[in-house]
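Colleague: Quick one: structure below, then a few questions.
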Amino acid sequence: MTTPPTLNDVLANSSLIVTCGPGGVGKTTTAAALAIAAARMGRRVVVVTVDPARRLADALGLDMESRAHEPHQVHEVTEGPGSLSALMLDAETTFDRLITERAGDPERAAAVLANPVYRSLAGSLGGAQEYMAIERLHQLHSSGAYDLVVIDTPPSRHAIDLLEAPDRLVTFLSHPIYRVLTLPSRSFAKVTNAGSSAFLWLVRKLAGPKIVEDTIEFFRSLATMEEGLRTRAAEVSVLLRDKQTAFILVSSPRAEAIAESTHLVNALRDGGFRLGGVVVNLVHPLPPPAEAFFNLAPGPLADHVAYHAELFALATSERSEMAELMALAKGAAEAELPLLDGDIHDVAGLTELAEMLVNP
């Protein structure tokens with residue numbers, strides 16, 4: 001019989017860890033705690049967070065007003081050979097870096113970066129944050145500066161968007177409208193029929209000729225980088241399915257979170273992604289049953305015992321919800337984190353959480 005892996009095994013043997021799961025379950029805090037646990041094992045770790053709470057950002061030394069998108073070493077974590085760096089995901093900055101790398105020459109890159117259509121898309125394009133999250137992890141993974149990259153996925157009810165981002169980019173680059181817009185001017189004129197010419201005339205009338213010209217120019221500039229973008233998307237797709245990449249699902253025992261997590265486990269397996277572990281956070285402690293006291297006369301002690309019985313019922317119900325998820329995730333590492341009295345807001349709290357993860 002094969003012994004299931006532990007989170008220690010996952011942290012020691014992975015080069016990339018992607019935390020995923022529903023919103024509001026402590027995913028960002030768990031990602032930071034996993035990174036600390038790995039650093040304390042002696043590994044060089046970088047954790048990429050997405051929109052952390054102010055206290056957590058402060059704990060990790062992230063100045064949210066300046067260059068939080070660059071790795072910042074967290075010195076308080078370990079005194080041994082390991083190290084921890086942290087940064088916040090900045091989709092727009094990552095997009096700019098991708099354009100600069102793939103443009104081929106500085107002038108072409110500068111033209112794209114200055115294009116007003118690009119500037120608008122870089123910060124608000126649907127799916128951009130998900131794609132830039134994995135673009136950033138590729139940059140960090142391939143830099144050679146770290147043994148392990150831990151990334152906290154963008155908060156989304158549809159966490160599967162992250163996994164589909166590389167394929168969506170390739171689909172976009174193959175779309176007929178994109179193909180037409182990126183044709184040279186003469187070819188564009190030949191393939192554009194009277195209907196589309198009328199459409200462009202109407203757009204120019206309503207939005208002004210400048211925005212139409214900027215849009216066409218942006219897509220034509222993008223065409224010069226198409227091969228590089230396709231290559232990078234393919235590399236990222238392979239990286240996310242590599243045997244040294246582990247997805248760690250973070251959930252809570254709430255029924256709606258378990259339902260969403262169950263969907264995500266199935267999606268991971270269907271897509272060929274490795275589920276390395278499941279962490280169920282915010283779990284109520286399970287007190288011993290108190291049947292012997294249930295027939296007490298009314299009074300303070302009876303009220304206390306009734307509250308104890310309610311807590312026992314709640315904790316039992318949570319474990320029933322968790323059992324379904326754990327059965328589905330069989331073969332992955334498992335961990336359970338208790339509901340704490342307050343928020344974690346410093347390195348000491350994160351370190352304590354890390355100990356709970358690797359030494360349950």
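The values are calculated or read from the model by the stated rules, or taken from the named source; none is laboratory data. A quick note: this is a predicted structure, and the numbers were derived from the prediction, not measured. When we count neighbours, we look across all protein chains shown, and the Cβ atoms used for this are built from the backbone with ideal geometry, even at glycine.
Colleague: For T231, state whether it is of a type in the set (S, T, Y), exposed (fewer than 14 other Cβ atoms within 10 Å of the Cβ) and farther than 16 Å from L137 by Cβ.
Modeller: Judged against the criteria, T231 is a match.
Colleague: Just to be sure I understand, how many residues within segment 63-88 are surrounded by 15 or more Cβ atoms within 10 Å (Cβ to Cβ), within 21 Å of I134 (Cα to Cα) and at pLDDT 80 or above?
Modeller: 8
Colleague: State which residue is farthest from L350 (Cα to Cα) when the search covers only segment 30-51 and only residues that are assigned to a helix (DSSP H, G or I) and touching a helix residue (DSSP H, G or I) at 6+ places or on another chain (Cβ under 6 Å).
Modeller: Taking the candidates together, the pick is A38.
Colleague: Quick check on this structure: which one of T100, T93 is farther than 25 Å from E352 by Cβ, within 22 Å of the chain's Cα centre (by Cα) and either in a strand (DSSP E or B) or of a type in the set (V, I, T) (or both)?
Modeller: On inspection, the qualifying residue turns out to be T93.
Colleague: Return the pairs, sorted by first residue and then second, in which the second residue is among the β-branched types (V, I, T) and in a strand (DSSP E or B), the first residue lies in segment 9-27 and is under 15 Å from R254 (Cα atoms), the beta carbons are less than 6 Å apart, and the residues are 6+ apart or on different chains.
Modeller: Going by the 6 Å Cβ cut-off, the qualifying pairs are G21/V250; V25/V250; K27/T19; K27/V250.
Colleague: Hey, A233 hits all of (1) modelled with pLDDT of 90 or more; (2) small (G, A, S); (3) touching a helix residue (DSSP H, G or I) at 6+ places or on another chain (Cβ under 7 Å) but one; which does it fall short on?
Modeller: It is condition (1) that A233 fails.
Colleague: Hey, any hits in segment 52-62 for a residue that's in contact with a strand residue (DSSP E or B) (Cβ under 8 Å, 6 or more places away or on another chain), closer than 20 Å to V279 by Cα and either part of a helix (DSSP H, G or I) or modelled with pLDDT of 85 or more (or both)?
Modeller: Yes, there is a match, as at least one residue in segment 52-62 is in contact with a strand residue (DSSP E or B) (Cβ under 8 Å, 6 or more places away or on another chain), closer than 20 Å to V279 by Cα and either part of a helix (DSSP H, G or I) or modelled with pLDDT of 85 or more (or both).
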